[in-house]
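Worksheet: the structure to be examined is printed underneath.
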Amino acid sequence: LTLGTVADPDTLRLGSLLSALVRSLPLLEIRTRNGAAEELREQVAAGLLQGAFYIGPSIPREAMGLVLQTIHYRIAGPASFGPQLLHAGWRDIAAMPWIGAPPLHHVQTLMRDMFARQGLTPHQVIESDEVSLPQSLVRAGVGLSLLREDVALPASERGEVVIWLHARVGALLSFIYPRAAEHDPAIVATLQLLRTVWGLPTVG
């Protein structure tokens, strides 16, 4: 069973899932492959991965999936941007320096879609695929970034970042798998265990 993973393991509750899989299916060989969300989506659609965690606005049309959680993102800027951010509109926000991610990364997709709805393109100065680097760069005064709400709000309360209050971007954290794998015993077991790990209603 080869599973694609996105974001950090704790967000995915990956340790709990893998532990449960090893206990339930001791003969199953399990591999994990970390990647960008859209890259994993393409690999699932092509049958190169049996399943993958995915973050995006919805479950991709070409796959089946189980929604685990809604994740919210906020626009966070350096504390020194406070007065500017307070009175900024969308055009002002887009013109400020932005910390982005690679093109297939879920944060980049969410950021691009968010600005596209306003008819704008953000002024990106840095591209980073490191999970925790954007928060560090925002704190260091480099520019703005989309940060997960559970990261951004505590950082704001500590005075490390300032949140622009006019946007809150939602995305689904899902587990996706090929349509052809719907009855695959390993995938059926994985979905069952995911429901247990995430406290979701069981089926059947």
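The values are calculated or read from the model by the stated rules, or taken from the named source; none is laboratory data. Quantities reported herein were computed from a predicted structural model and do not represent experimental measurements. Using ideal geometry, Cβ is built from the backbone for each residue, glycine included, and neighbour counts are taken over all protein chains shown. Remember, those area values only see protein heavy atoms, side chains included, never the ligands or the DNA or RNA. Shrake-Rupley method; radii C 1.70, N 1.55, O 1.52, S 1.80 Å.
Secondary structure note: in region 46-167, about 60% of the DSSP beta bridges are antiparallel.
A cut-off of 5 Å between modelled amide H atoms, ignoring neighbours fewer than 5 places along the same chain, links Val161 with Ser156.
If the segment from Asp150 to Ile30 were pulled out straight at 0.36 nm per residue, it would be longer than the present Cα-Cα gap by 40.2 nm. Here the calculated FRET efficiency for Arg117 and Gln192, from their Cβ-Cβ distance with R0 = 22 Å, stands at 0.05, rounded to the nearest 0.05. Solvent-accessible area per residue in the chain equals 50 Å², computed with a 1.4 angstrom probe and all protein chains kept. Of the solvent-accessible surface of region 1-148, computed with a 1.4 Å probe over protein heavy atoms with every protein chain present, carbon and sulfur atoms account for 51 percent. So, in Å, what gap is there between the alpha-carbon centers of region 187-204 and region 58-126? Result: 31 Å between the Cα centres. In the distance distribution for region 14-127, Cα-Cα pairs more than 25 Å apart total 40 percent. Each Lys and Arg adds +1 at its Cβ and each Asp and Glu adds -1 at its Cβ; summed about the Cα centre, the chain shows a dipole of about 320 debye. Along the chain, the longest continuous region that contains none of the GluC sites (Glu not before Pro) in a DSSP loop with at most 13 other C-beta atoms within 10 Å is 63-129.
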